[in-house]
Structure formats: C-alpha cells, structure tokens
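**Student:** Quick one: this structure, given as structure tokens, is what I'll be asking you about.
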Amino acid sequence: MILLNPKNLDPRYPDQRSLEVMTSTVNFFETRGKKRLLEDAHARVWYDDFLNFVKDEKIFAALLTPPNYGGGDSRWDTFRNVAFNEILGFYGLPYWYTWQVTTLGLGPIWMSGNEEAKRRAAQLLAGGAVFAFGLSERQHGADIYSTEMTLTPQPDGSYMANGEKYYIGNGNVAPMISTFGKMADSGEYVFFAADSTNPHFELLGNVVDSQNYVATFALHDYPIGEAEILSKGREAWDSALNTVNICKFNLGAASIGISTHAFYEAINHAANRRLYDMYVTDFPHVKQIFTDAYARLVAMKLFTLRAADYMRVASPNDRRYLLYNSVVKMKVTTQGEEVVDLLWDVIAAKGFEKDMYFGSAAMEIRALPKLEGTVHVNIALILKFMANYFFNPAEYASIGQRSEPKHDDYLFRQGPTKGMGDIQFHDYNVAYSDWDLPNVNLFREQTAVFAEMLAAAPPDESQGRDTDFILTVGEIFTLVTYGQLILENARICDVPADIVDQIFDCFVRDFSKFALQLYSKPRCNPEQSVYCMKMIRRPVVDEERYGRVWRDHVYALKGAYEMNP
C-alpha cells in the first residue's frame, strides 16, 4: 500500500503507541465525518474539539517530547512524525497547521541549554498545550537580520521586551511563544519565551480568514528573566535557522496528505460519472491525467520517506539532509500543487461544490510552497550544494529504511548554520544505475548532459546574479536529486518497475520543460543553448506498461476510500 488509506492503515508503525496515535487520530476525524469537517472549514470554526482530543490522548506530548523530559513512549521520531503530518494534511490543513507551528515553537526550546524552560515545555505538552514561533514581523517577514523586537536590560538583571510580531500561528493561546529579538544595548540576537496570557502581552488580531488563528501581537514592557531566556548571540541565530531546517520538512507530508484525499475524491467522482454515453475515466486524456497525478503522488511520498531516513542518520559528519529536506520543502509541495491541478482538470466545476473536500484542498495546497521559506529561497539554498553533488562525491555507508523507534537527538544539536558548500554527497549515479528501465535510462542521459554543461559551460558571474536564470538551473538540479532518492526508496519499498518507469516518464518531460525554459532565458549563452537542446527528449512510450499502471494501480483506487459522511 503506497498511498495513505485511513480505512486501511499501514501496520508498519514502529511500536504500539505509534499505531494508537495514528488510529485514534483517524478515528477522531472519521467519527466527526465529512459534513462536520466541511461545515467547520466554511464557518472558520476554531478547532477546540481537536485540541481537546490532542490533550486527552496526549498526542503532541508523545510525538514531540524528548524522552529525557517525557514519558517512556515520548520522542521526536521523524519516521512516525511523517505519518502524522500526512494524516493531518489528509483531513485538512488547519489541523496540520496548529501542529506545525507547535513544532516550530518547540525547536528553540529543545535546542536551548535552559533546563527550566525545557521542563516547563514538557509539562505544558503533557497538559495539552500548543506552542508558537515568534520570528516574523510585519515589515520584515522572516528577515531576522532586521528584527525590531528588543530586550532592554534592567538594573536588577532582568529585561523588558518591546515590539510586535506578525503571522504567528497559535499566538492566541500558546503559553510559550519562542520569540526572536535583539538586545537593545548590544544588538545581540536573543530567543526568549513569552506567554500569551501575560498582561503585558497584547493580542492585536488574526491576520488570516480561516480556522487557524495566525496572530499579530505586541509586547509592552513585558518582563523577562533569565528563566525565559532560551539562547543568545550566535546560538539564537542558529536556533532560528535550525528550527526551520527541521520543521519545513513537515510541509511535504502535509502536501501528500492533501493530494491523496483529493485523488480519492476525484477518482470516485470520475469513475462513476457518465458523459456522452461513456464513463469519464474511459476518456484517453482523463486516463493520462489520473496516471500522471498518481505517478507524481507516489514519487512525492517515496522521496519524503527517503529524505526522512537521511534526517535520522544525520550527524556532524553527515549533513546531506540539508539538501534533501530543502527539496522536500520546495519540490514535494509544488508537486502537490501540480497533482491537485491535474485532478481539478478532470472534476472541473464539481471541485467548487460545498460538500466536496476538493474545494478546501485546491486552496490549501497553495499555502505549503509558500510557508517556512518560499520555493525561491529554498532553490537558492539547494544551489549551494550543486558543485559537490555532481563533481565531488564522498563515500558513505549505505543506509536502509530508518523506521526504528528512537529519538532523533541530532536535530536539536545541529550546530552552526554554515559550511553548506563543504557538504559532500554519495554518488547519485549509483541509484540511477540500479534501475535498467527505459525512462530512467533516458533521464540519466539528460542528467549527463546537464552535468557536462556545468563542467564545460557553467553559469558565469552575471548569470549567477540573475535569479531568473539561476533558479531554472536550480530546478534541473533539484529534479536530479529528487529522482535519485525516489529510485533508492523504490528499491527499498519494492515498488513495481512499471510504476517507477511511469514516474520517470513524467520526469523526462519535466527535464525537457526546464531545459527549454533555460534555453529561452536572455542570458543563456550559445554554448549553454546547445546543451539545453540536447537535454530535450521525448519519453519512451510503452502502451502495455501504461495500461498496466492504469488498470492495476490507478483505476484500482476507485472506491478504495471515501470519508464517513
């Protein structure tokens, strides 16, 4: 079972408590039913019932508390958190969002040396609290260089906090908001914990029109003692970026969940609707759309799960995850948009109806590429790794699926956020040579031409400054990395060769699209243009393989899942 089916949950969770968490969460939503889910979404109802469920079942406490501060089954386990992210996304982005901003709020706390703050956070989690991440500001967004929140030292050794924060999820209720600012006297960065119930905390409003509460708030001479200081100086800076490094990964699984639910709804509708005396799913173009959507959705899941393996084995000597989780954030989320767009072309006006999940999915899937750093920001980060990825590989021990129940401790001691250009990767050719399939081989040929271009006609200084040009280069590099980890995980998960070749049918077309875009850029020079034209290829057509994928994997999902009414 590759795609999530809440009525037939994958039993391969690492322990009984993990299975209980996933099962009880599914039961919460299925018991409420689709009608209630959509009514609450349309009425913008704050999800008290969901938060009470989380509190009663101690869900966030189990999934987000390090074992040193929680119960015996508590840990931050990326493998099972991927599954939980996917389930929440499947039922609606608002439920995922309150979890997401809680993970962000906890990052600077678990990275801190402040033991008192950690113990308080664990107690609050056990009591069902949610958390918040006070980083962005109205005028500066997430430009932390320009933060205007200040802590002013007082004669007694305490501080007074003053300033505003903007776009802070859970800011209306969080008892600990990890808030980023500067020391008023020195300009030194600082993270401190603020409480939304403090009288010096002013909740200014909700900046969005949704079930979520995304707060803007102000601190007015808010008293801060050493007990509330989480980190200072370089440590505070690193905590901000390292927290995003961890938590932006969550957006990929949420996108998979949304897209999967939309897929079920679309295939059920199309397969049971007759037009012009035939079922909608009998039209050739509809078959192609569903097959492409399925292939892209399976690829999203394979990559995300494989990237989780690299996060779980990360260490000071193995920081490959910094590339892979950026690809999850950038590529998986944009592929989610593409999947939903494809499906919408089939169900058309049906997607606007108020009793369809699809309407919410079509809106919510747009958010994920734009949260925790835009697509452009993450491509710019990805480009830092390109030279070593292609031309300076290193030897690493091979790793399998890392599903074991353990706490991913390294994520909270990542260290300084620098030296990314020095990170090395294992040879991508190993994964590509492990599969002898027509479209994988063709994609590998395209990749070889791209690598040759980077060696013989690399972007010059002016092209490197032209973000329009260099971001397209980044799209091609990202696609190569994406394909590599998908092939690795397809082997681990025993994915049928037909599905793998169908995925790369899509990727050969994507590679050609980006090559044409690069060729069309004003700054693309004549030598680069020749290479771009060589990258444009037509996928290998195999009607029998396509037919098997449609019949055995895509159309077979008709009726496989429908949410309880």
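Computed from the coordinates by the stated procedures, all read-outs in this text should not be read as laboratory data. These figures come from a predicted structure and were not determined experimentally. Cβ sites come from the backbone with ideal geometry, for glycine too, and all protein chains shown count toward neighbours.
**Student:** Could you tell me how far the Cα centroid of segment 40-87 sits from the Cα centroid of segment 107-163, in Å?
**Tutor:** 21 Å
**Student:** Moving on. If I model a spin label at Val313 and Ala560 as a point 7 Å from the Cα along the Cα→Cβ vector, what separation in nanometres do I get?
**Tutor:** Result: 2.9 nm between the two label points.
**Student:** Something else about it: Per DSSP helix of 4 or more residues, -39500 (n - 2.57); summed, then divided by the residues of the chain. What does that give at 222 nm, rounded to the nearest 500? Each step should come with its number before you reach the end.
**Tutor:** Working: 21 runs with 295 residues, N = 565.
About -17000 deg cm²/dmol.
**Student:** How high is the relative contact order of segment 132-232, in percent, with contacts defined as C-alpha pairs under 8 Å that are six or more residues apart? Intermediate results must be reported in sequence, preceding the final value.
**Tutor:** Values: 247 pairs, mean separation 29.9, N = 101.
Relative contact order comes out at 30 percent.
**Student:** Under the definition of Cα pairs under 8 Å and six or more residues apart, what whole-number percent is the relative contact order of segment 16-126? Numbers along the way, then the final one.
**Tutor:** Numbers: 67 pairs, mean separation 30.6, N = 111.
The normalised contact order for segment 16-126 reaches 28 percent.
**Student:** As a quick test, which of the pairs Lys35/Lys55; Lys118/Lys370; Lys329/Lys406; Lys329/Lys558; Lys331/Lys534; Lys182/Lys301 have an alpha carbon distance above 28 angstrom in this structure?
**Tutor:** Result: Lys118/Lys370; Lys329/Lys558; Lys182/Lys301 exceed 28 Å.
**Student:** Continuing with this model, one more query. Filter the trypsin sites (Lys or Arg not before Pro) in segment 85-139 down to the DSSP loop ones having no more than 14 other Cβ atoms within 10 Å, then list what survives.
**Tutor:** Working: sites: Lys118, Arg119, Arg120, Arg138; in loops: Arg138.
Here the trypsin sites (Lys or Arg not before Pro) that fit, given the DSSP loop and packing criteria, are Arg138.
**Student:** Report the residues of segment 86-120 in range of a label on Thr417: point 7 Å along Cα→C-beta, backbone N strictly under 14 Å from it.
**Tutor:** Hits in segment 86-120 for Thr417 at 14 Å: 104-105, 107-109, 111.
**Student:** What chymotrypsin sites (Phe, Trp or Tyr not before Pro) does segment 254-351 have in DSSP loop regions with at most 16 other beta carbons within 10 Å?
**Tutor:** Numbers: sites: Phe263, Tyr264, Tyr276, Tyr279, Phe290, Tyr294, Phe303, Tyr310, Tyr321, Tyr324, Trp344; in loops: Tyr276.
Here the sparse-neighbourhood loop sites are Tyr276.
**Student:** Test of the criteria: in segment 378-447, which trypsin sites (Lys or Arg not before Pro) are in a DSSP loop and have at most 12 other Cβ atoms within 10 angstrom of their Cβ? Let's see the in-between values first.
**Tutor:** Numbers: sites: Lys384, Arg402, Lys406, Arg413, Lys418, Arg444; in loops: Lys384, Arg402, Lys406, Arg413, Lys418.
Sites meeting the loop and neighbour criteria: Arg413, Lys418.
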